[in-house]
Structure formats: structure tokens, C-alpha cells
């Protein structure tokens, strides 16, 4: 957590450029670069990468870029530049994959529930497009199911958080006893305790829908980034990655 390494600096600059650009382009930027569910007309394949550089607001990008600076530099120094780039984008793609998979499961569950309740495919398509539905269906299907189905298709994912969770896991594995000083915790906490606790909190929030940090958080994207980050670091540590840097 010292000087800014070269790749981290470039990533910071790209994220800031995307954020500033999105302030000028508004919704159009999010239509193009946020990660939409593949049933949405806005979905494009490049969004699996571009969404990593989009953010939902000032505090969102500030926290993510602070974490990238604080934890990314030491990991880049350990892995080497090329391996760090591979690691960063792989964790981000892993996050997008798990987020999309969970979204798909929720979508299919809700879609099938509506079909079983007697809702026509045309009415379901109208719901997915506009969010509108006949109140008569509420006798058979909870309102939450209808809202959840609509949101699964029409709520895009943005942010570097998935890739950063991969970096956090790598940091915890490489520097487990480093004490982290956090704004919202008055005492230092070792990385090997704080980072697993953060991931477990995301898992709890993803499974229950209850979040200490409010709504609109892609918890399973965080978990996906952490999982893919762990797999890569476990493999590289097992194969003595420090002797095979990709400089």
C-alpha cells in the first residue's frame, strides 16, 4: 500500500475517464457499457468487460478506486504486470459470470412460476418490457416475484468490485497478517480475518436479500470475483508463481 504501480495507474485513469464520460452521456453510456442480462435488448458481449469501468455514482468509484490503489499495487508487484492484468480481468469476468448465472436462475424460476400460474407468454413479455401486469395475477403470484423478474432483466451491473474482490482475496493470501485500518472499525484487523468476513457478509446478503450497505449491490458478483481470484492464487501458489512472473 505505497506507490502506484504502472498497471494500477492505467486502470485508475481508465475508470476515471469512463466515469467522467458517463456523466456527460448519461443513460446512453449505461445502455452501451453496463452489463445487461442477455434477455434485455441492451445486452452486448463487450459489456462483460466494459462494465468493470462503469460506476453508479461518486462514492461507488471512490471506494473501488481506493481499494484498487491500496491492494492492487502490492499484488501487481508480487505477480508481475502481465500476470496481474490477466488476474484482474479474469476475476472481473468471473464476477460477471456468477452474477449472470444467478440472475438466470432467478429469471427462470420467476418465469416458470408465472407460466404455472396461468400467465400467458405475451403478458410475461409485457412485464419484462414495461413492468406492467394485471393485478389479477397477484392472487396466484406474489408481487415480489413479479418485481424480481422485471428487475433481473432490467437492472444492469456496473463496477470494478468483482475484480477488486479478486485482488482482496489475493492480498489476504499473500499478506495474511497485515493489519488493516478501516474507517468504520476503530481497531486494526488482520487481512486473513477481515477479507473472509467481508466475503461471508456478501454471501449472507446475497442469500437473504438483507444488506447492511443498502440495496443495488451485486453480491454474487463480489463472490464470483473472490472465488475466481482464490482459484487463480491457489493454483499459482501451488505452482510457485513467484518463480514464473510474466514480466
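The values are calculated or read from the model by the stated rules, or taken from the named source; none is laboratory data. Quick caveat, the model's predicted, so the values are computed rather than measured. Here Cβ is always computed from backbone atoms with ideal geometry, including for glycine, and neighbour counts include all displayed protein chains.
See the values below:
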quantity: All positions within segment 32-57 that are out of contact with any helix residue (DSSP H, G or I) (no Cβ under 6 Å at 6 or more places or on another chain) and either modelled with pLDDT of 95 or more or crowded, with 17+ Cβ neighbours inside 10 Å (or both); calculated: 32, 36, 43, 44, 45, 46, 47, 49, 51, 56
quantity: Residue match in segment 95-112 (condition: in contact with a strand residue (DSSP E or B) (Cβ under 7 Å, 6 or more places away or on another chain) and modelled with pLDDT of 90 or more); calculated: yes
quantity: Candidates 24, 43 - the one that is part of a helix (DSSP H, G or I) and without any contact (Cβ under 8 Å) to a residue 40 or more places away in the chain; calculated: 24
quantity: Residue 51 being in contact (Cβ under 8 Å) with a residue 24 or more places away in the chain, part of a helix (DSSP H, G or I) and either touching a strand residue (DSSP E or B) at 6+ places or on another chain (Cβ under 7 Å) or more than 23 Å from residue 227 (Cβ to Cβ) (or both); calculated: yes
quantity: Which listed residue is surrounded by 14 or more Cβ atoms within 10 Å (Cβ to Cβ) and on the phi > 0 side of the Ramachandran plot, from 80, 26; calculated: 80
quantity: Residue 19, sole failed condition from (1) surrounded by fewer than 19 Cβ atoms within 10 Å (Cβ to Cβ); (2) touching a helix residue (DSSP H, G or I) at 6+ places or on another chain (Cβ under 6 Å); (3) assigned to a helix (DSSP H, G or I); calculated: (1)
quantity: Test: residue in segment 94-110 that is on the phi > 0 side of the Ramachandran plot and surrounded by 14 or more Cβ atoms within 10 Å (Cβ to Cβ); calculated: no
quantity: Positions within segment 148-184 being more than 25 Å from residue 79 (Cα to Cα), assigned to a loop (DSSP other than H, G, I, E, B) and in contact with a helix residue (DSSP H, G or I) (Cβ under 8 Å, 6 or more places away or on another chain), in sequence order; calculated: 156, 158, 182
quantity: So residue 158, is it within 26 Å of residue 92 (Cβ to Cβ) and surrounded by 13 or more Cβ atoms within 10 Å (Cβ to Cβ); calculated: yes
quantity: Failed item in (1) exposed (fewer than 11 other Cβ atoms within 10 Å of the Cβ); (2) in a loop (DSSP other than H, G, I, E, B); (3) more than 21 Å from the chain's Cα centre (by Cα), with residue 235 passing the rest; calculated: (2)
quantity: Residue within segment 125-141 that is more than 19 Å from residue 6 (Cα to Cα), within 24 Å of the chain's Cα centre (by Cα), part of a helix (DSSP H, G or I) and at pLDDT below 95 present; calculated: yes
quantity: Test: residue in segment 118-133 that is touching a helix residue (DSSP H, G or I) at 6+ places or on another chain (Cβ under 7 Å), at negative phi and free of Cβ contacts under 8 Å to residues at least 12 places away in the same chain; calculated: yes
